[in-house]
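The values are calculated or read from the model by the stated rules, or taken from the named source; none is laboratory data. Note that the coordinates shown come from a computational prediction; the quantities given were computed from them, not determined experimentally. FYI the Cβ positions are ideal-geometry reconstructions off the backbone, even for glycines, and counts take in every protein chain you see. Heads up: the accessible areas ignore ligands, DNA and RNA and are worked out on the full protein's heavy atoms, side chains in. Shrake-Rupley method; radii C 1.70, N 1.55, O 1.52, S 1.80 Å.
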Amino acid sequence: MSGKARVRGAALLAVAAVALAGCGDSGSDGGGGTESGALEGRGPVKFATGKDTSGNMQKLVDEWNSKHADEKVEIVELPEAADEQRNQMIQNAQAKSKEFTILNLDVVWTAEFAANRWVMELPEDQFDLENFLEPAVNTAKYRDKLYAAPVYSDGGMLYYRKDLLEGAGVMAPPKTWAELKDACAKVKATPAGATVGCYAGQFDKYEGLTVNFSEAVQSAGGSILDESGKPTVDSQEAKDGLNFLVDGVKSKEIPDAAITYKEEDGRRAFQDGQLLFHRQWPYQYAQANATDGSSKVAGKFDVAPLPGKDGPGVSTLGGHNFAISAFADNKATALDFIKFFTSEDAEKSNLLATSQAPSRASLYDDADMLKQFPYLSTLKESILNAVPRPQAVKYGDVTAAMQEAAYSAMTGEASTDDALAELQTKLESLTAE
């Protein structure tokens, strides 16, 4: 992506946060949480997070607990789906519950939680932010103040069966959607690839679809919001992007089952040898390459940048930030734990165990890490060029509208034109508030 495009992505993040700042509950002043000086109190804390599929999160918590007998951290595992995690965290915040101390937030939730004063402002001088990836740091801020710590970053990549492509005479991964379709047809014509599905992503009606829909639009040269924060999904580029998904379902290049896939569903399908191409986050790499018999594709796949309409595509920026609940006790312990979890040693440990994208920039250029995870260069490029989702204070309404539009078109309930027209109207109303 060009430098201009990267600037556009950063501008969208900043503009969206400002343009949608008025969407919070009437009780919020939009100024964020309590002052960082209130990060006091020491003792046990509870850490609310999505499912720990690797077990390494618990390993790091155990390491902390072995050295902090009076300040132990307990993991509270929330549902697998991101939407359900967010709902539980919001319910606790609205009830001013002390149940959760540390919150593992999807990067796009930070603005919403900060503006509603559900999380604390964090002292920037406690974190060496200059050593983190800039896009990751930006997601942890709201109105130029730090409300979370960037723990994981994320960029979408194209996982592909290198063995099947080579067997069909395709010696390089696709850079465009047309090349992807052509490669699928060639693999389908071989005995080894006859029963393998072409392409899948995260297409169930949840947050993953917001990400995948955004990527399709961006990879066709379009956007969800323009640089001034105005919705732009009534464009030909947005139509081209959504049609890539719609046509894939109609042609069966996107298998019927994929319309129900969340991250883990697709991961299991790819590892079981059911997919030729899979749009997925980096965490899949370690599990798909496992040599314990759990993966049928270990050593048979590689990763590449996402394809686009006329060239390489554009990922949606992903990742997670750790924040401290405004209503919890023992906030000083929580801050120290977050600093521990975002240390270079902890992030390196997590990369080695899970292949998740670290937020610390140095790990992407570490020779030992690159030897073990050769995809890191591709991943770094994906993250640096990624475009954020709209940072809306009432993000739930924005993402629900995007999911509805994409899902209704992909399932044939609405035409692409009608789905995008309705989405344009909804987003105009949301950004006008």
How high is the FRET efficiency between ALA192 and SER343 when r is their beta carbon distance and R₀ equals 51 Å, given to the nearest 0.05? 0.70
Carbon and sulfur atoms: what percent of the 1.4 Å accessible area of the stretch 102-208 do they account for? 47
DSSP beta bridges in the chain, what fraction antiparallel, as a percent rounded to 5? 70
Which shape class, rounded, prolate or oblate, goes with the stretch 229-268 when its Cα gyration tensor gives a ≥ b ≥ c as root eigenvalues, a/c under 1.5 marks rounded, and past that a/b bigger than b/c marks prolate? oblate
Gap in Å between the Cα centre of the stretch 198-271 and the Cα centre of the stretch 325-359? 31
Report relative contact order for the stretch 212-316 in percent, whole number only (criteria: Cα-Cα under 8 Å, sequence separation at least 6). 29
Could you pull out every residue, at least 5 positions away or on a different chain, whose amide H is within less than 5 Å of the one on GLY197? Hs are placed 1.01 Å off N in the peptide plane, and Pro or chain starts have none. LEU275, LEU276
Carbon and sulfur: what percent of the stretch 284-433's accessible surface (1.4 Å probe)? 46
Under 10 Å, Cα contacts only: if you run a Gaussian network model on the chain, which one of THR101, THR260, THR210 comes out with the highest mean-square fluctuation? THR260
Rolling a 1.4 angstrom probe over the protein chains, ignoring ligands and nucleic acids, what is the accessible area of GLU253 in square angstrom, nearest 10? 50
Would you mind checking the pairs LYS96/LYS239; LYS59/LYS188; LYS72/LYS141; LYS331/LYS380; LYS262/LYS300; LYS141/LYS252 and listing those with alpha carbons more than 31 angstrom apart? LYS96/LYS239; LYS59/LYS188; LYS331/LYS380; LYS141/LYS252
Pop out the ³J(HN,Hα) list for the stretch 158-171 in order, Karplus 6.51 cos²θ - 1.76 cosθ + 1.60 with θ = phi - 60°, rounded to Hz; leave Gly and Pro as x. 9, 7, 9, 7, 4, 5, 6, 5, 5, x, 9, x, 9, 9
With T = 20 °C, eta = 1.002 mPa s and Kirkwood Rh from C-alpha pairs, the Stokes-Einstein D of the stretch 207-336 in µm²/s is about 125
Which of THR333, THR53, THR139 moves most in a GNM of the chain, Cα contacts under 10 Å? THR53
Skipping prolines and chain starts, which residues have an amide H placed within reach, meaning under 5 Å, of the one on LEU225, given they are 5 or more residues away or on another chain? THR232
Rounded to the nearest 20 debye, what is the charge dipole size of the chain about its Cα centre when +1 sits on each Lys and Arg Cβ and -1 on each Asp and Glu Cβ? 740
Can you give the accessible area of ASP418 in Å² (nearest 10), computed on protein heavy atoms with a 1.4 Å probe? 100
What shape does the chain take by its C-alpha gyration tensor, where a ≥ b ≥ c are the square roots of the eigenvalues and a/c under 1.5 counts as rounded, a/b above b/c as prolate, and the rest as oblate? oblate
Report the normalised scattering of the stretch 50-182 as log10 I(q)/I(0) at q = 0.09, 0.15, 0.17 Å⁻¹, calculated by the Debye formula with identical scatterers on the alpha carbons. -0.42, -0.90, -1.05
Karplus-derived 3J(HN,Hα), 6.51/-1.76/1.60, for each residue of the stretch 309-314, Hz, glycine and proline x: 5, 10, x, x, x, 10
Within a Cβ distance under 13 Å of LYS72, other residues only, what is the Lys/Arg minus Asp/Glu net charge? -3
What is the distance, in nm, between label points placed 7 Å from the Cα along the Cα-to-Cβ direction at SER251 and at ALA298? 3.5
Hey, what did the chain get for relative contact order, percent, Cα under 8 Å, at least 6 apart? 28
In square angstrom, what is the accessible area per residue of the chain with a 1.4 angstrom probe? 39
Largest first and in whole Å, give the semi-axes of the stretch 284-433's equivalent ellipsoid, each being the square root of 5 times a Cα gyration tensor eigenvalue. 33, 26, 15
Coordinate range along principal axes, alpha carbons of the stretch 114-178, Å, largest first: 55, 26, 16
Tell me, how many Å apart are the Cα centres for the stretch 65-94 and for the stretch 363-433? 25
Counting each DSSP H run of 4 or more residues in the chain as -39500 (n - 2.57), what helix-only mean residue ellipticity at 222 nm follows after dividing by all residues, to the nearest 500 deg cm²/dmol? -13000 deg cm²/dmol
What shape does the stretch 180-258 have by the C-alpha gyration tensor, where a ≥ b ≥ c are the square roots of the eigenvalues, rounded means a/c under 1.5, and otherwise prolate means a/b greater than b/c and oblate the rest? prolate
How large is ³J(HN,Hα) for each residue in the stretch 188-204, as worked out from phi by the Karplus curve 6.51 cos²θ - 1.76 cosθ + 1.60 (θ = phi - 60°), to whole Hz, x for Gly and Pro? 4, 7, 9, x, 6, x, 4, 9, 8, x, 6, 8, 8, x, 10, 10, 5
